[in-house]
Amino acid sequence: LGRPNAAVEVSFANNIDFNNCGFEHLASNGLDYQKGVTNSIANGNLFKDIGSNAILAGVFSDEGMEAHLPYNPEDKREVTSNVTISNNLINNVTNEDWDCKGIAAGFVKNISIEHNDISDVPYTGISLGWGWTSEKNVMENNRVVANKIHRYGKQMYDVGGIYTLSAQPGSII
């Protein structure tokens, strides 16, 4: 799996906030909180007419990673954690790469995705988690609450307003 570039990519950073910004008319991803991002916020932003994901957070399958095994890096600083994604308007995204999402969070910890309005996506509104295992991994205490997700699954099947993968103890959806 490759990770498309984003208009804004953040890695190994702390307290990186995006408030009331516009991400429009992009061929790939909008905002990407990649590996090792902590204590950061994406709040009140507009994501519109984007080719891939509006917002990405955390690690997904690195090259050569077995997705059926739990992800537990030795260096916990690699885990994206304590990120809040809230009050964003996400509309007409993933219009070039239909298997992308409005918000996609991979191996994350203590993430909060709340009060977002997501519409007109070919696949899934919010995807939380990665891998295919019921074993304990880095993902825990995540929250997905009070989001409005509508007009999703317009071109793809096996979709959900909210789609989750792997064990995530202490999480609320």
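The values are calculated or read from the model by the stated rules, or taken from the named source; none is laboratory data. Quantities reported herein were computed from a predicted structural model and do not represent experimental measurements. Methodologically, a virtual Cβ is constructed for each residue, glycine included, from the backbone with ideal geometry; neighbour enumeration extends over all protein chains shown. In case anyone asks, the SASA skips ligands and DNA or RNA and just uses the protein heavy atoms, side chains included. Shrake-Rupley method; radii C 1.70, N 1.55, O 1.52, S 1.80 Å.
Summary table
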{"read-out": "Subset of the range 125-141 (residues that are closer than 26 Å to Gly64 by Cα and more than 12 Å from the chain's Cα centre (by Cα))", "value": "Gly131, Trp132, Thr133, Ser134, Glu135, Lys136, Asn137, Val138, Met139, Glu140"}
{"read-out": "Residues of the range 84-122 that turn out to be modelled with pLDDT of 90 or more and in a loop (DSSP other than H, G, I, E, B), as a count", "value": "7"}
{"read-out": "Some residue of the range 100-111 being surrounded by fewer than 16 Cβ atoms within 10 Å (Cβ to Cβ) and either touching a residue at least 24 places away in the same chain (Cβ under 8 Å) or in contact with a Phe, Trp or Tyr (Cβ under 7 Å, 6 or more places away or on another chain) (or both)", "value": "no"}
{"read-out": "Spans of strands (runs of 3 or more DSSP E) in the range 1-66 with at least 2 residues open to solvent by 40 Å² or more (accessible area, probe 1.4 Å)", "value": "6-10, 17-19, 22-26, 37-43, 46-50"}
